[in-house]
1. With springs only between Cα atoms under 10 Å apart, run a GNM on the chain and tell me which of ASN228, ASN102, ASN111 wobbles the most.
2. Just read off the accessible area of THR173 with the full protein assembly in place, 1.4 Å probe, to the nearest 10 Å².
3. Treating only the Cβ atoms of Lys and Arg (+1) and Asp and Glu (-1) as charged, compute the dipole magnitude of segment 123-213 about its Cα centre; round to the nearest 20 debye.
4. Within the chain, what whole-number % of the accessible surface is contributed by carbon and sulfur, with the 1.4 Å probe and all protein chains included in the calculation?
5. Hey, got the dipole for segment 196-311? About the Cα centre, +1 on K and R Cβ, -1 on D and E Cβ, debye to the nearest 20?
6. Mind checking segment 218-295 for trypsin sites (Lys or Arg not before Pro) that DSSP puts in a loop (not H, G, I, E or B) and that have at most 14 other Cβ atoms within 10 Å?
7. Rank LEU145, SER178, PHE166 by how far each Cα sits towards the positive end of the charge dipole of segment 117-187 (+1 on Lys, Arg Cβ; -1 on Asp, Glu Cβ) and give me just the farthest.
8. Scan segment 139-202 for trypsin sites (Lys or Arg not before Pro) in coil per DSSP, keeping those whose Cβ has at most 11 other Cβ atoms within 10 Å, and list them by number.
Amino acid sequence: MAQEADPQPPGGAELPTAERSSPARVAVCIATYLRPQGLLATLQSLNSLTFTHVKQPAVEVFLIDNDPAGSASETYEAARRWLRWPLQYVHEPRRGISQVRNTAVAAARRNADFIAFIDDDEVADPQWLDELLHAQSEHRADAVLGPAIRVFEGEPPEWAVSGGYFEQTRYRTGARISHGGIGNALVRVGALPEDRPVFDDRLGISGGEDTLFFLRLARDGGRIIWTNEATIREAIPAHRARVGYVLKRVYRTANTWSFCERELDGSAPVLMKRTVKGMSRIVWGVALFLAGLIVGEKARIRGMWQVCYGAGNLTGLVGLRYDAYRSVPPG
């Protein structure tokens, strides 16, 4: 996609970048829920951040604990003694990923130019924040997203690897995109809305709050850029490398996407197009599954995957939500 010349944010205000005379102020926000070991690894990775493209920013880390019992406070008390960056602990007992992220934004935006998001099942590569800030400066972006390299705990089943079920869509560095996940993202504070919650509370238990946020930002003229160099590593525990998890995950993804489409443009042509796509996925999936009875497991799994994708599309259109996070940790 062609790059726009001298993009300006809504309202005509000057768009800050990471390249300036004084260091950028960056709040790194970590959402956590009952993952003490994962959280510790995330914090340790922040200690290894290096900066070569931009001046070392003024970093402050915010730990947002969604456990009603506040269990992450123990990790906080230990980590604040050795973490090289100032560390703040915020307890958000209301269950929901939207609630956690909105609390993070409220706490972090007061003294920050940018907010970087990372979760407690992810670790940052040393160049992670440097590359996010560099891409923001190069492209005068409102948001920058990067890839997550999935790391399986133990040997994954062959169908999971060959089928690409845990692979992430990637783009060329500098590409302008319209949506993505918040787990590896840098957002300009000035691009965040002030008249409504940044992340829709209705999606707190189902997820997809980040998809809706980025779609709205792009719709309103926000500049979202992809960079392949700002990498994180996401742990994939053994219980996720199972057919049941993959099918639930794609159902939730499709369900959320349809919900977001309906929310942003509920016109009859859009709803009809999504309905036809959903039904086509189901028909194709059934055919693949039946063929798999002869040709093997991979085709059966792909068929079930297509059926779940189509079913998620259709249920999302009629407002049925899949509350994936009601009783388990996000992710």
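The values are calculated or read from the model by the stated rules, or taken from the named source; none is laboratory data. Since the model is a prediction, treat every value here as computed from it, not as a measurement. Quick reminder, even Gly has a Cβ in these numbers, built from the backbone with ideal geometry, and neighbours come from all protein chains shown. The accessibility values were calculated without ligands, DNA or RNA, using every heavy atom of the protein model including side chains. Shrake-Rupley method; radii C 1.70, N 1.55, O 1.52, S 1.80 Å.
1. Among ASN228, ASN102, ASN111, the largest GNM mean-square fluctuation belongs to ASN111.
2. THR173 has an accessible surface of roughly 60 Å² with all protein chains in place.
3. Charge dipole of segment 123-213: 360 debye, to the nearest 20.
4. 55 percent
5. Value, rounded to 20: 400 debye.
6. In loop regions of segment 218-295 (DSSP not H, G, I, E or B), the sparsely surrounded trypsin sites (Lys or Arg not before Pro) are ARG242.
7. Farthest towards the positive pole: SER178.
8. Within segment 139-202, the qualifying trypsin sites (Lys or Arg not before Pro) (loop, at most 11 other Cβ atoms within 10 Å) are ARG170, ARG172.
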